[in-house]
There are 4 protein chains.
Amino acid sequence: MRRDAPSEDVLRVQAIAKSLGFRTSNVSGLTKIAVAIIGDTSTVDSAVFKVLPSVDQVLLVTRPYSRTSREGHPEDTLVDLGDGVAFGGGSFVIIAGPCAVESREQIIEVAHQVKDAGAKCLRGGAFKPRTSPYAFQGLGEKGLEYLDAARKETGLKVVTEAMDLESLPMVAEYADMVQVGSRNMQNYSLLTKVGSINKPVLLKRGSSATITELLMSAEYILASGNERVVLCERGVRNFSDHARNLLDLSIVPAVQRLSHLPIIVDPSHATGDMNLVAPMAYAAIAAGADGLIVEVHPKPELAKSDAAQALKPDQFAVMVAKIRQLAKVMGKKV
Amino acid sequence: MRRDAPSEDVLRVQAIAKSLGFRTSNVSGLTKIAVAIIGDTSTVDSAVFKVLPSVDQVLLVTRPYSRTSREGHPEDTLVDLGDGVAFGGGSFVIIAGPCAVESREQIIEVAHQVKDAGAKCLRGGAFKPRTSPYAFQGLGEKGLEYLDAARKETGLKVVTEAMDLESLPMVAEYADMVQVGSRNMQNYSLLTKVGSINKPVLLKRGSSATITELLMSAEYILASGNERVVLCERGVRNFSDHARNLLDLSIVPAVQRLSHLPIIVDPSHATGDMNLVAPMAYAAIAAGADGLIVEVHPKPELAKSDAAQALKPDQFAVMVAKIRQLAKVMGKKV
Amino acid sequence: MRRDAPSEDVLRVQAIAKSLGFRTSNVSGLTKIAVAIIGDTSTVDSAVFKVLPSVDQVLLVTRPYSRTSREGHPEDTLVDLGDGVAFGGGSFVIIAGPCAVESREQIIEVAHQVKDAGAKCLRGGAFKPRTSPYAFQGLGEKGLEYLDAARKETGLKVVTEAMDLESLPMVAEYADMVQVGSRNMQNYSLLTKVGSINKPVLLKRGSSATITELLMSAEYILASGNERVVLCERGVRNFSDHARNLLDLSIVPAVQRLSHLPIIVDPSHATGDMNLVAPMAYAAIAAGADGLIVEVHPKPELAKSDAAQALKPDQFAVMVAKIRQLAKVMGKKV
Amino acid sequence: MRRDAPSEDVLRVQAIAKSLGFRTSNVSGLTKIAVAIIGDTSTVDSAVFKVLPSVDQVLLVTRPYSRTSREGHPEDTLVDLGDGVAFGGGSFVIIAGPCAVESREQIIEVAHQVKDAGAKCLRGGAFKPRTSPYAFQGLGEKGLEYLDAARKETGLKVVTEAMDLESLPMVAEYADMVQVGSRNMQNYSLLTKVGSINKPVLLKRGSSATITELLMSAEYILASGNERVVLCERGVRNFSDHARNLLDLSIVPAVQRLSHLPIIVDPSHATGDMNLVAPMAYAAIAAGADGLIVEVHPKPELAKSDAAQALKPDQFAVMVAKIRQLAKVMGKKV
């Protein structure tokens, strides 16, 4: 509050804080009076105070997420998909596959290829969020069946996206891990429902989400009962034009300090450019990430979506070989 | 393509373009060879070409939305809510009300207040997307009933948000105009469903959406059969900290050049600060906007959400009075 | 500090604060201990505390600029160029002219045109900061002489940019108001020198400057002895592509609350598109700006720089006519 | 151009192109007519065409930098500081030291420490660009003398910033490599002068500069005669708040594709947080960077600037040890 605040203004702030169940304590400085509001303020809109007379600023001291926070949960969470595939705790898990499932043959072919190179999970969209209503939207349930067939052939775990409440139960039935896409990071209805299914969740950061918003979206899932959440950095919007998005690797160690949840990196969507994928994948493991999700397509020039960012299987194999070497230095197990 | 591209690389680009149904034409420059690909390219992923050998860049000449574009639809679209309330065509429509419906009394009180001041539509969320799972999430169907009661008392049209596929039918039943919120601008399942209802839609720009993405999201709704779409600018994410978002008024004339759809402005969510709402509202009408959506609360300091950005009814009335004067200068009818 | 901070950590923070001349006061909450540091903290790097053990965050309560702040200087500053041309205090000053001075004839022709339409000041660069070393860099002193000739013919005040320490004295000799360009907003050597000349200064916001950084740059000039500073919003960098920059009109009322300095708007550089200039100029006066700087060129298609954003003289005249009408509503005098 | 452009509009575009010395060639599509303008367009403002009637867009095919581009200079440039210290060509050079030179003892102490750990160059500002005019601005020439003393004691090469034309000659006399800071990346007067000195230059990316702008700023230096330029990524402005800036590692491989100049990374200024420095340094070498510039201070809590981002000497030594291991994997020589 301003230093010259009339005492009735200060008293009003204190009275409202008390009516909401908090204690207060004042500190007078040269140009301001600070009124400390003490208690669990995470459920209160700070704006309640900001609108009062003589109030200059409202500063938040306590972070608004509790289940996601490392404060009450100091050890790393391990998100286990079974059969020795687990995110967190010193492992580095590679998820690979095409942007979209295009056919039974395509997905089985690429599943073998990425498994041989060292991937533990298969990605591939059956339901595709596309900017244009006229673009290929995915094969739907047929795509899920093909993913299932690829899993049976290779033993890879299946990671695929659920786009809405309607398709979630079907996706959850087929998937080993349900992806919530970047555009849905703040689709709270979907997050809440995903919190009630019994499958691990891959939650991708929204393209303009702060770290707090990302952790709050995870909090929705945890608060609904599902604690098996893996976060994923996939680039943020910005002014630059040398890559589709700006990959924010600094969020990896930042998340690891604030939260106990694992975090992986998607260099394919982050850059949109196959020439930048491998350098960013190497950077991701060096930054401490718990894994990678990367697009691989047997014939990128024939891909129905995101062709420019898909690696060819042999490029992917070369990349994984170098990642194995980096993993040794970083003390991770691929 | 690079100037030194081997002729087989150029031929391959031409062959693939032909196989997709296009004609091609080459132009050789000093450092590049340009291969023009001619036809309706809106359904093709340009990356198909970007990955080919010797290809340097793929530049798009044709815009990827057709129904939303002014090119095939030169006159302004008029989105009519009935009883003389219509967006577009020289009118300036004011939507006002609280962030959330909190009680029957609250919404009826504020409905009378905003009507008296000059609003034609009442806003108020019954379903609220909140960053925190622990924050007030809205009254649900009760909230819709209270909005209906306020409409019956005042004659105001009701604008309220549908957050998901599940609640959409219920919201569409009560609302005169269904809002798709900023966080759902790229929730394509919701957009497609909204395209099949028989109610006007208020589509808010996502906080990091480009103009193309905004118009493509509108295209989803139009392509699904609903042409009564009003766009809404509500601020974008950026580095600055003097307002919650950065209100982008330049998108108003830019949209009006590219599209026939009306566009309104939300200065409340854009700024998050009641001190900035009126100046930005005046700027919006001066920039050529077709209307305004603004938060008004009878007692902002008791609001359950977004208190800091709500105007008091008397502040709102003062603001509307000045907007009327500006409207005369701008040739608009409030 | 964390709630479980050992008492020696808390004592260390207090001891360091005391050694720097501050008083302290502690407040204990549920998860944190707040140590208030009391005194004039504007000269201390807050990081000194951030690196100490158990310290979680350092929050700044007092703003770091004093001369620029409205707190100690409640009335608006009037920046007077003489002959009745003054920024601030209810006037709305229009500065117009070409991006660059190209010839004696060009600048005199356009000076007459903008004067007839209602401009009070003439803009035109003699020294041009250009992204490319191969682009036209301005006429230098010849350009200044032509500006002087145009001033003598029309009585308009001359506003022109000083790019570096070397050319500043020469520019200051010819100009009625010296412009510090956007790219130089944090060229502190230039700001300090500009603070020692006896000419009003137009300080343009950097393309990614926060409001605090803008006011701190003004503080450099004021602290060096020159209090005649006018700020200028000219758009910020962001992800969108419908305009060159994103015009941030909300900074106008925000600056007016925090500072006593006048602030004007540059819709030409902000948008880079002549179709968007007039709508943004109307929005600027409606938002409360104290003036406008706008590019006008007698023949935009022959301009040596920034052709796409220059208005033709007749477009400019139409725009000023409408601005006069808006000024009446906003209580401003053009 | 629009498909329905009258033929006189098309002819005008062709005529103007010809008058500027170019050939043209037309391609007609479904909704557009493309007029290819052929020749060295880098010296022409594209807006000259954009303002003409019926012109819809101007797309640039040729990049506007030639000396900096890899197209005419396919091999990597090696920037040699002598005594075996060279940037580019498979080496990974570490520059370390305090933000500012504070005293003779401090800089000599830290020089020994960083040399022992493996640094080849010493950083330390004698002239400091500070946001506040009241903050410590550096020791000036005294600081340069202390750097010289530290060089004599340790054999480290000295990298230090020149802030303006006035101090450049003095800085160039003492430094082995002259730094142009982020805020001066578009200070074209300084760039031009730096192009005429006979010392290698470290050019830091501006906090909202695109890759093209960065390379154009390098082009200023090369065009003025100095080809020994090393680029430096140091984070860009964005909306997020978990780090001071957003480190953009994807620009490293992007620059390496477009240009022959070496590029290093500054994780200290990018993050502003010592907890994030080491992870980002590891990520930098993994992304393919040619070196690192990092802040190290013997006693960060007593630093006069940027305390929160400085590593302690023992933290730095641990970091360099891991970088050596990563370098082996990446085929680099520290």
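The values are calculated or read from the model by the stated rules, or taken from the named source; none is laboratory data. This one's a predicted model, so the numbers in the text were calculated from it and none came from an experiment. Heads up, the Cβs are rebuilt from the backbone with ideal geometry, glycines too, and the neighbour counts pull from every protein chain shown.
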Give the residue, chosen from C:317, C:270, C:289, C:307, that is of a type in the set (A, V, I, L, M) and more than 27 Å from residue D:45 (Cβ to Cβ). C:289
Count of segment C:189-211 residues which are over 12 Å from the mean Cα position of the chain (by Cα) and touching a residue at least 60 places away in the same chain (Cβ under 8 Å): 1
Tell me, yes or no, whether segment B:266-278 has at least one residue that is of a type in the set (D, E, K, R), closer than 29 Å to residue B:217 by Cα, at pLDDT 95 or above and in contact with a Gly (Cβ under 6 Å, 6 or more places away or on another chain). no
Condition met for residue A:333 (surrounded by fewer than 24 Cβ atoms within 10 Å (Cβ to Cβ) and away from chain B (no Cβ under 14 Å)): yes
Identify the single condition in (1) assigned by TED's automatic domain parsing to the domain that holds residue D:282; (2) part of a loop (DSSP other than H, G, I, E, B); (3) surrounded by fewer than 16 Cβ atoms within 10 Å (Cβ to Cβ) that residue D:57 does not satisfy, given that it satisfies every other one. (1)
When segment C:59-75 is examined, which residues are found to be more than 16 Å from the chain's Cα centre (by Cα) and either of a type outside the set (Lys, Arg) or farther than 30 Å from residue C:36 by Cα (or both)? C:59, C:60, C:61, C:62, C:64, C:66, C:71, C:72, C:73, C:74, C:75
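Would you call residue B:70 among the basic types (Lys, Arg) and within 14 Å of chain A (Cβ to nearest Cβ)?
no
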Look through segment D:161-178, keep the residues that are touching a residue at least 40 places away in the same chain (Cβ under 8 Å) and under 11 Å from residue D:200 (Cα atoms), and return whichever of them is farthest from the other protein chains (Cβ to nearest Cβ). D:176
Output for segment D:275-302, where each listed residue is without any contact (Cβ under 8 Å) to a residue 60 or more places away in the chain, more than 7 Å from every other protein chain (Cβ to nearest Cβ) and of a type in the set (D, E, K, R): D:299
Screening D:231, D:203, D:191, D:222 for residues that are more than 21 Å from residue D:273 (Cβ to Cβ), touching a Pro at 6+ places or on another chain (Cβ under 9 Å) and part of a strand (DSSP E or B) leaves only D:231
Return the only residue of D:133, D:129 being in a loop (DSSP other than H, G, I, E, B) and free of Cβ contacts under 8 Å to residues at least 40 places away in the same chain. D:133
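Looking at segment B:65-112 only, could you name the residues that are on the phi > 0 side of the Ramachandran plot, surrounded by fewer than 16 Cβ atoms within 10 Å (Cβ to Cβ) and assigned to a loop (DSSP other than H, G, I, E, B)?
If the condition is that a residue be on the phi > 0 side of the Ramachandran plot, surrounded by fewer than 16 Cβ atoms within 10 Å (Cβ to Cβ) and assigned to a loop (DSSP other than H, G, I, E, B), then B:83, B:84, B:89, B:90 are the ones that fit.
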Tell me which residues, restricted to segment D:300-334, are at pLDDT below 90, among the aliphatic types (A, V, I, L, M), assigned to a helix (DSSP H, G or I) and over 24 Å from the mean Cα position of the chain (by Cα). D:302
Could you please let me know if residue C:272 is under 27 Å from residue B:251 (Cα atoms), in contact (Cβ under 8 Å) with a residue 24 or more places away in the chain, within 11 Å of another protein chain (Cβ to nearest Cβ) and surrounded by fewer than 24 Cβ atoms within 10 Å (Cβ to Cβ)? yes
Residues that are within 30 Å of residue B:296 (Cβ to Cβ) and away from chain A (no Cβ under 14 Å): does segment B:127-136 have at least one? no
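Residue-by-condition table, conditions (1) out of contact with any Asp or Glu (no Cβ under 6 Å at 6 or more places or on another chain); (2) modelled with pLDDT under 80; (3) within 30 Å of residue C:264 (Cβ to Cβ):
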residue: C:35; (1), (2), (3): yes, no, no
residue: C:50; (1), (2), (3): yes, yes, no
residue: C:53; (1), (2), (3): no, no, no
residue: C:59; (1), (2), (3): yes, yes, no
residue: C:71; (1), (2), (3): yes, no, yes
residue: C:80; (1), (2), (3): yes, no, yes
Do we have residue B:166 as surrounded by fewer than 24 Cβ atoms within 10 Å (Cβ to Cβ) and modelled with pLDDT of 95 or more here? no
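So is residue C:223 in contact with a strand residue (DSSP E or B) (Cβ under 9 Å, 6 or more places away or on another chain), under 21 Å from residue C:64 (Cα atoms), within 14 Å of chain D (Cβ to nearest Cβ) and in contact (Cβ under 8 Å) with a residue 12 or more places away in the chain or not?
In short, no.
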Residues satisfying the stated conditions in segment A:143-155, i.e. touching a residue at least 40 places away in the same chain (Cβ under 8 Å) and either out of contact with any Phe, Trp or Tyr (no Cβ under 9 Å at 6 or more places or on another chain) or within 13 Å of another protein chain (Cβ to nearest Cβ) (or both): A:146, A:149, A:150, A:153, A:154, A:155
Among the residues of segment A:244-251, is there at least one that is surrounded by 21 or more Cβ atoms within 10 Å (Cβ to Cβ) and farther than 24 Å from residue D:267 by Cα? no
Among the residues of segment D:141-151, are any in a loop (DSSP other than H, G, I, E, B) and surrounded by fewer than 20 Cβ atoms within 10 Å (Cβ to Cβ)? no
Determine if segment D:107-121 includes at least one residue that is closer than 23 Å to residue D:305 by Cα, free of Cβ contacts under 8 Å to residues at least 60 places away in the same chain and within 14 Å of chain C (Cβ to nearest Cβ). no
One residue is enough: does segment D:82-97 have a residue meeting the conditions within 14 Å of chain C (Cβ to nearest Cβ) and either closer than 30 Å to residue D:211 by Cβ or free of Cβ contacts under 8 Å to residues at least 60 places away in the same chain (or both)? no
Could you say whether any residue in segment A:254-266 is without any contact (Cβ under 8 Å) to a residue 12 or more places away in the chain, farther than 21 Å from residue A:137 by Cα, more than 13 Å from chain B (Cβ to nearest Cβ) and in contact with a strand residue (DSSP E or B) (Cβ under 8 Å, 6 or more places away or on another chain)? no
Candidates C:158, C:194, filtered to the one that is within 14 Å of chain D (Cβ to nearest Cβ), among the β-branched types (Val, Ile, Thr) and crowded, with 24+ Cβ neighbours inside 10 Å: C:194
Can you tell me which residues in segment B:228-249 are more than 12 Å from chain A (Cβ to nearest Cβ) and either within 24 Å of residue A:136 (Cβ to Cβ) or under 14 Å from the mean Cα position of the chain (by Cα) (or both)? B:228, B:229, B:230, B:231, B:232, B:233, B:234, B:247, B:248, B:249
Name the residue that is nearest to residue C:285 (Cα to Cα), counting only residues in segment C:307-323 that are out of contact with any Gly (no Cβ under 7 Å at 6 or more places or on another chain) and at the interface with another protein chain (Cβ under 10 Å from one of its Cβ atoms). C:323
